[in-house]
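Just so it is clear, none of the values below were taken in a lab; they were calculated from the coordinates. The shown structure was predicted, so the numbers you read here are calculated from the model rather than taken from an experiment. So basically every Cβ, Gly included, is an ideal-geometry build from the backbone, and we count neighbours across all protein chains shown.
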Amino acid sequence: MFFEAMDQSWQHLLEPSKDLLDRIEQELSKLQNLTPNDNQIMRAFELPVAKVRVLLLGQDPYPTQGMACGLAFANAPGTKTPQSLKNLMKELQSDLPGVSATADLAKWSNQGVMLLNSALTTVVGTSGAHQKIWREFTEVAITALDQARAGKLVCLSLGLEAKKLADLVEFGEVVYAPHPSPLSAHRGFFGSKIYSRVNQALSNQGQEPIDWSC
């Protein structure tokens with residue numbers, strides 16, 4: 001199911017890793033209390049490869065029951081806005097005054113921003129529970145995307161786990177910043193101007209900037 005849930009362009013790109021993804025799916029099927037729901041785990045890969053302009057890397061899904069939706073930093077409709085997402089919006093309003101910041105990150109995805117966590121699942125109530133399970137797959141996916149987009153990719157890396165993966169990007173440009181969580185937001189995330197920096201990197205590549213309104 002995981003492999004088939006991806007856009008066909010991802011299926012083609014990651015065909016050599018199908019067995020790896022199938023093994024991950026089998027391993028997770030034996031576990032309980034996973035988040036997000038099964039039909040949302042591969043949601044980031046519904047965005048076609050050719051449309052990905054920005055790869056936003058996070059850590060892992062929100063561990064609160066019902067909050068994770070398969071897109072990094074986004075939350076399911078009707079759930080309380082998590083602090084990390086609130087901090088993303090605070091920095092957006094500081095970096096680009098006047099831009100709408102309602103925390104609807106699906107609008108970013110529609111413009112080619114791939115919202116990918118370094119681990120696509122976790123256990124309800126436990127952060128980082130599945131980092132080891134997903135590490136190889138996310139490394140393969142990022143490397144393949146970087147090569148496929150051939151210098152037309154900007155990677156926005158937020159946090160230490162994301163940085164480990166962003167270091168795999170060779171052909172695209174990487175914008176680094178601390179994680180927007182309450183524990184690290186005041187250690188360099190606020191004031192990082194990630195949105196204008198990403199748009200400048202896109203302009204350097206001859207691409208249109210992202211309208212970060214959300």
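Based only on other Cβ atoms within 10 Å, what is the fewest-to-most ordering of Y176, Y62, Y195? The partial results should precede the final answer.
Working: Y176 18, Y62 26, Y195 21.
With the sparsest Cβ surroundings first, the list reads Y176, Y195, Y62.
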*Search the structure for amide H atoms under 5 Å from the amide H of N117, placed 1.01 Å from N in the peptide plane, and list their residues when 5 or more places away or on another chain.*
G58, A72
_Packing-based exposure ordering (other Cβ within 10 Å, fewest first) of L160, L57_ = L160, L57
*Residue by residue, what Karplus-based ³J(HN,Hα) values in Hz, rounded to whole numbers, does the stretch 167-184 have, using 6.51, -1.76 and 1.60 with θ = phi - 60° and x for Gly and Pro?*
5, 7, 6, 10, 9, x, 9, 10, 10, 9, 7, x, 6, x, 5, x, 6, 10
*Roughly how many debye, to the nearest 20, is the charge dipole of the chain about its Cα centre, given +1 on each Lys and Arg Cβ, -1 on each Asp and Glu Cβ, and no other charges?*
640
*Does the chain classify as rounded, prolate or oblate by the C-alpha gyration tensor (a ≥ b ≥ c root eigenvalues; a/c under 1.5 gives rounded; else a/b over b/c gives prolate, otherwise oblate)?*
oblate
_Within straight-line cross-link reach of K80, aspartates and glutamates at Cα separation under 15 Å, skipping those fewer than 8 residues along the same chain_ = D104
*Partner aspartates and glutamates for K132 [C-alpha distance under 13 Å; skip if fewer than 8 residues away on the same chain]*: E27, D60, E161
*Leading residue at positive end of dipole, the stretch 1-155 (Cβ point charges), from Q83, Q65, A5*: Q83
*Taking the Cα centre of the chain as the origin and placing charges on Cβ (Lys, Arg +1; Asp, Glu -1), which of C214, P182, S203 is farthest toward the positive end of the dipole?*
P182
*List L56, L168 from most exposed to least, where exposure is judged by having the fewest other Cβ atoms within 10 Å.*
L168, L56
